[in-house]
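The values are calculated or read from the model by the stated rules, or taken from the named source; none is laboratory data. Since this is a predicted model, take the numbers as computed values, not measurements. All Cβ positions, even for glycine, are placed from backbone atoms using ideal geometry, and neighbour counts span all protein chains on display.
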Amino acid sequence: MLRAIVIDDEQKGINSIKLLVEKFVKDVRIVAESIEAEKGISLIEDYKPEIVFLDINMPHMNGFELLQQLKFKEFSLIFTTAHTEYALQAIKNNALDYLLKPINHEDLIAAVERVKKKTKQETLPDLGKLLEELSSPNKGKIPLHVKDKVEYVNKNDIIRLESDSNYTNVFTTGGKKLMISKTLGDYETLLCNKENTFMRVHQSHIINLNYVVKFTKDNGGFIITKDNCSVPLSKNKKDEFLTWLDVK
């Protein structure tokens, strides 16, 4: 029986994995859980499990920062996440397992089977290589697919993104305009979350809230950004934006 620990800042995420493991996965038992990364470190050191289900996106300390603080690392790792494209690429590069939320039971079964196979072969994940890649110069940047190359841009340098049919125009603080071969929806998943300061304020626009200069109520509402662009504010996003404006 393989012992597993689940670390996720949302209890519903933990409950989901526990339910799926209990119902669909043989030979795995959840022995401990935590919604706090700091406590998760202690649990891993104390239990020394064979498997750790680890959420990437957690407040105060993310999954990668947790790994850096561990002394005991002889376990198989299955990341769980809803986004973070650059981190996922690093995980794939190092042949580690991950599950996208909401977790599908078939994906969970397949991930555990791969872990069991690795355990039998006594091949543990090279966490050091993963952490080295994540601390590379590209950390904090996102990959932008420009024509036949990938350009890494610091998220903090992006002022806004604008839809252009099946493409997206990205405007940066350096005055650059990059046409990306991905839709605005792809970048909404990547950027508009609790980790970042981006908001989709219109069907065709995502803005970096750090670069909002002015808001005018004329003609339904327009947001003036640092590059002096007037971005329309859609009705269904007005309350969310005004709430942020009041908090600020």
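Look through the range 193-239, keep the residues that are in contact (Cβ under 8 Å) with a residue 60 or more places away in the chain and part of a loop (DSSP other than H, G, I, E, B), and return whichever of them is surrounded by the fewest Cβ atoms within 10 Å (Cβ to Cβ).
Residues of the range 193-239 in contact (Cβ under 8 Å) with a residue 60 or more places away in the chain: 193-195, 225-227, 229, 231.
Among the residues that remain, those that are also part of a loop (DSSP other than H, G, I, E, B) are: 193-195, 226-227, 229.
Details: Asn193: 13, Lys194: 8, Glu195: 16, Lys226: 15, Asp227: 14, Cys229: 17.
By that ranking, first place goes to Lys194.
Quick grid of which residues meet (1) out of contact with any helix residue (DSSP H, G or I) (no Cβ under 8 Å at 6 or more places or on another chain); (2) over 17 Å from His105 (Cα atoms):
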position: Leu2; (1), (2): no, yes
position: Asp9; (1), (2): no, yes
position: Lys18; (1), (2): yes, no
position: Val21; (1), (2): no, no
position: Ile56; (1), (2): no, yes
position: Leu66; (1), (2): no, yes
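Highlighted here are the helices (runs of 4 or more DSSP H) found entirely within the range 8-70 that include at least 2 residues which are among the basic types (Lys, Arg): 11-24. The set of residues from the range 29-71 being among the aromatic types (Phe, Trp, Tyr) and surrounded by fewer than 18 Cβ atoms within 10 Å (Cβ to Cβ) comprises just one member, Tyr47. Contact annotation: no residue pair with Cβ atoms under 9 Å, 6 or more positions apart or on different chains, pairs a residue in the range 161-175 that is assigned by TED's automatic domain parsing to the domain that holds Val150 and at positive phi with a partner that is buried (at least 18 other Cβ atoms within 10 Å of the Cβ) and assigned to a strand (DSSP E or B). Of the residues Leu190, Leu242, the single one that is out of contact with any strand residue (DSSP E or B) (no Cβ under 6 Å at 6 or more places or on another chain), free of Cβ contacts under 8 Å to residues at least 40 places away in the same chain, in a helix (DSSP H, G or I) and surrounded by 12 or more Cβ atoms within 10 Å (Cβ to Cβ) is Leu242.
Close Cβ contacts (under 6 Å, 6 or more residues apart or on different chains) running from residues in the range 10-35 that are in contact (Cβ under 8 Å) with a residue 24 or more places away in the chain to residues that are among the charged types (D, E, K, R) and in a loop (DSSP other than H, G, I, E, B) comprise Ile35/Asp9.
Residues that are modelled with pLDDT of 90 or more, assigned to a loop (DSSP other than H, G, I, E, B) and touching a helix residue (DSSP H, G or I) at 6+ places or on another chain (Cβ under 7 Å) within the range 95-116 comprise just one, Ile103. Counting the residues of the range 69-94 that are closer than 21 Å to Lys155 by Cβ and at pLDDT 75 or above gives 3.
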